[in-house]
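Asker: Provided herewith is a single structure, encoded as C-alpha cells, for subsequent inquiry.
What follows is calculated from the coordinates using simple rules that are stated; it is not laboratory data. Just so it is clear, the structure is predicted and the values come from calculations on it, not from any experiment. Don't worry about glycine lacking a Cβ; one is built from the backbone with ideal geometry, like all the others, and counts go over all protein chains shown.
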Amino acid sequence: MAITLPLNDFPELSLDPSRLPRHVAIVMDGNGRWARRRGLSRNEGHRRGKDSVRAVVEAARELGIPYLTLFAFSAENWQRPSSEVNFLMQLFHRYLVTETKRLMKRGIRILALGDTERLPPRLREVLAETVTATQGNAAMTVALALSYGGRQDVVNATRQIARAVAAGKLNPDDIDQGVIDRALTTSGMPDPDLLIRTSGELRISNFFLFQLAYTELYFTDTLWPDFRERELLSALAAYQMRDRRFGALSPG
Ligand code: IPE
Ligand code: IPE
Ligand code: MG
C-alpha cells in the first residue's frame, strides 16, 4: 500500500514505507562534468555537490532510511591533480565543521570508511571529532567512504583474519561469510539494499565489492550536483518495483 511520506512535495512519487531499503549506498559521480557544461571549474562542481549531500542526507533521514553510505573519495582518486585533491579535502573538512550541528539536531551518526590514515591530519582530526560527537545518535547512520577501495577493504580484512589464524585465535575451518563480513570496514552495517550511481557511468569503480552481492543497482544520467530529493525518491520508487529473489523463487 502506498502511503504519503514526510516528503510530500512530490505526491506523484508514492512509496511504501514498509519496504524502504535499510541501507542505500551512493556513488556520487559527475561533479566535473556538471561544472564543465557550465564553463565552471571542476572544483565548482564539487562545491555544488556538497549541497546535494545535505539534501540527500536530510531526505533519507526524513524517510527513515537507517543507513546511508556516500562514496566521496576513492583510493584511486589520490591520482588526481593535487589542486583538486586539496580542494576536496578542504571541502570535506568544511562539510564536517558546518554540518555537525544539523546532524546532531537530526540524530544522525557519522562513520568513516576507508583508509582515513591517508587523509590530511586536520581533516582526520575533525572527522574523529565528528564521529565521537555523533556516536550516540540513533536516528540514522551516514557512512562517509573516504580514501575507500573495495579491493583494499578485502585485502585488509584478509590480513586481519590471517593474523587471528597465525595467533591461534581462529581455526581456518571456522572462516565463513560472517567472519569476512565482520573483518570488513562495514562491520556491523547491513549490506546495501540499493546502490545508486549518478552521471551515467555503469561501473562499480572499486566501491563495495563483497557487500554488493545482492544489492539492487540503480544508474541515472543525472549528475551528482543535480541529484536532490526528487531523484532520491525516483530511485527508491524504482527499487520498490524490483523483485528481489536472492537466488530463490519469488512467492506466488
Ligand atoms: C565525483 O565527481 C566526485 C569525486 C570522484 C570526488 P567527479 O569529479 O568524478 O566528476 P566527473 O566524473 O569528472 O564528472
Ligand atoms: C567513483 O568516481 C568515486 C567516487 C564517486 C568517489 P570516479 O569518477 O572516480 O570513477 P571513474 O574514474 O569514472 O571510474
Ligand atoms: Mg567521476
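Asker: Kindly state which strands (runs of 3 or more DSSP E) lie completely within the range 138-244 and contain at least 3 residues that are within 30 Å of LEU123 (Cα to Cα). Steps first, answer last, please.
Answerer: Numbers: elements: 140-148, 194-197, 216-219.
Once the strands (runs of 3 or more DSSP E) in the range 138-244 are filtered for at least 3 residues that are within 30 Å of LEU123 (Cα to Cα), what remains is 140-148, 194-197.
Asker: Within the set of pairs 6+ apart or on separate chains, which have a first residue in the range 24-47 that is closer than 13 Å to GLU201 by Cα and in a helix (DSSP H, G or I), a second that is within 15 Å of ligand 2 (Cβ to nearest atom) and polar (S, T, N, Q), and C-beta atoms under 8 Å apart?
Answerer: ARG33/SER199
Asker: Continuing with the same structure: Out of SER74, SER14, report the one residue that is within 16 Å of ligand 2 (Cβ to nearest atom) and either over 18 Å from ASN137 (Cα atoms) or touching a strand residue (DSSP E or B) at 6+ places or on another chain (Cβ under 6 Å) (or both). Full working, then the answer.
Answerer: Details: SER14 fails: within 16 Å of ligand 2 (Cβ to nearest atom).
After applying the criteria, what remains is SER74.
Every residue, every condition in (1) within 16 Å of ligand 2 (Cβ to nearest atom); (2) surrounded by 15 or more Cβ atoms within 10 Å (Cβ to Cβ); (3) of a type in the set (Gly, Ala, Ser), yes or no:
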residue: ILE161; (1), (2), (3): no, yes, no
residue: GLY178; (1), (2), (3): no, no, yes
residue: ASP191; (1), (2), (3): no, yes, no
residue: THR198; (1), (2), (3): yes, yes, no
residue: GLU216; (1), (2), (3): no, yes, no
residue: THR220; (1), (2), (3): yes, yes, no
residue: ARG230; (1), (2), (3): no, yes, no
residue: TYR239; (1), (2), (3): no, yes, no
residue: PRO251; (1), (2), (3): no, no, no
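Asker: From the residues in the range 26-52 that are of a type in the set (A, V, I, L, M) and away from ligand 2 (no atom under 12 Å from the Cβ), which one is nearest to the chain's Cα centre (by Cα)?
Answerer: To start, the set of residues in the range 26-52 that are of a type in the set (A, V, I, L, M) comprises 26-28, 35, 40.
Right, trim to away from ligand 2 (no atom under 12 Å from the Cβ) and you get 35, 40.
Numbers: ALA35: 22, LEU40: 26 Å.
Residue satisfying both the conditions and the ranking: ALA35.
Asker: Where residues in the range 48-63 are without any contact (Cβ under 8 Å) to a residue 60 or more places away in the chain and surrounded by fewer than 17 Cβ atoms within 10 Å (Cβ to Cβ), which of them is farthest from ARG19 (Cα to Cα)?
Answerer: As a first pass, look at the range 48-63 and keep what is without any contact (Cβ under 8 Å) to a residue 60 or more places away in the chain: 50, 53-54, 58, 62.
Of the ones still in play, those that are also surrounded by fewer than 17 Cβ atoms within 10 Å (Cβ to Cβ) are 54, 62.
Numbers: ARG54: 24, GLU62: 15 Å.
Among those that are without any contact (Cβ under 8 Å) to a residue 60 or more places away in the chain and surrounded by fewer than 17 Cβ atoms within 10 Å (Cβ to Cβ), it is ARG54.
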